[in-house]
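The values are calculated or read from the model by the stated rules, or taken from the named source; none is laboratory data. As the structure is a computational prediction, the values presented were derived from the model and not from experiment. We place every Cβ from the backbone using ideal geometry, glycine too, and count neighbours over all the protein chains shown.
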Amino acid sequence: MTPPPSESFPRRSARTQRFTLGRPRTFAVAADGSRVAFLRSKAGDDAVTCLWALDIPGGEERLIADPRALGARGDAELPPEERARRERAREGAGGVVAYSCDRALRMAAFALGGELFLADLTTGAVNGVVTPGPVNDPRLDPTGARIAFVCDGELYADGTKLAGDDDPDVTWGLPEFIAAEEMDRFRGYWWSPSGDAIAVARVDNRPVDVWHIADPAHPDRAPTAVRYPGAGTNNADVSLHVVSLDGT
């Protein structure tokens, strides 16, 4: 990337998102050290992040997943939970901004606009996975045999619902506001090393006060109701559960 000669530093900083675009990040290393996966956009002024793999023995760098080539939904169709996660993580880029791998780094799972994708890091093949709705935080189990994800506040593994609740204010597999905003914990479930069970957080937001937030850019729209634990008020009721793949 060669900036125009007359471009000021503030403009260049804004165009490159503080010189972060095009920089490798979010690394994962295979257990045997043979392969590295990472995220990076194609240029220093490109805000669409792609998934890459680097084969250590030969030093070959390969593009695995380019959101433009996959024809996935854009960031405008993100699930609300993913939009909130990006805001809290100060994530300004788009495309593949998070992914999960198995222990051997043979497979990777990621979401684009709520659509689930599974990538083979050895061959470079990428395929969409059918889900009951827009997904959030897809994660492969350490063996690479199964994918878990959160859909509409419910936890699924390989398309089967493992945990959920009829009340929309009770979620499974998502962090509560305090954990995400104050503790930088953006996940709410964890695979067992063998991939046969999941530890999952159940978050009951019903004790939390309801606030109403208006959009000054659209005064014609009704205010949005959100659960917000203000200082001195109730937090969410959070508990941790272990579920097996049969839902018990």
- [ ] Sort out which residues of region 196-224 are of a type outside the set (Gly, Ala, Ser), in a loop (DSSP other than H, G, I, E, B) and either free of Cβ contacts under 8 Å to residues at least 40 places away in the same chain or under 20 Å from Asn235 (Cα atoms) (or both), and write them in order of number.
- [x] Asn205, Arg206, Pro207, Val208, Asp209, Asp215, Pro216, His218, Pro219, Asp220, Arg221, Pro223
Task: Answer from Pro193, Pro229 - the residue that is assigned to a loop (DSSP other than H, G, I, E, B), of a type outside the set (D, E, K, R), under 23 Å from Asp141 (Cα atoms) and under 24 Å from the mean Cα position of the chain (by Cα) - done: Pro193
Open item on the list: For the condition under 28 Å from Arg185 (Cα atoms) and either modelled with pLDDT under 75 or surrounded by fewer than 18 Cβ atoms within 10 Å (Cβ to Cβ) (or both), what is the one hit in Pro4, Pro10, Pro79?
Closed with: Pro79
Task: Matching residues in region 15-38 - criterion: being basic (Lys, Arg), surrounded by 14 or more Cβ atoms within 10 Å (Cβ to Cβ) and either in contact with a Lys or Arg (Cβ under 9 Å, 6 or more places away or on another chain) or at pLDDT 90 or above (or both) - done: Arg35
Open item on the list: Being basic (Lys, Arg) and in contact with an Asp or Glu (Cβ under 8 Å, 6 or more places away or on another chain) is the filter here; which residues of region 115-149 pass it?
Closed with: Arg146
Task: Out of Gly95, Gly74, Gly133, sole residue that is modelled with pLDDT under 90, surrounded by fewer than 15 Cβ atoms within 10 Å (Cβ to Cβ) and touching a strand residue (DSSP E or B) at 6+ places or on another chain (Cβ under 9 Å) - done: Gly74
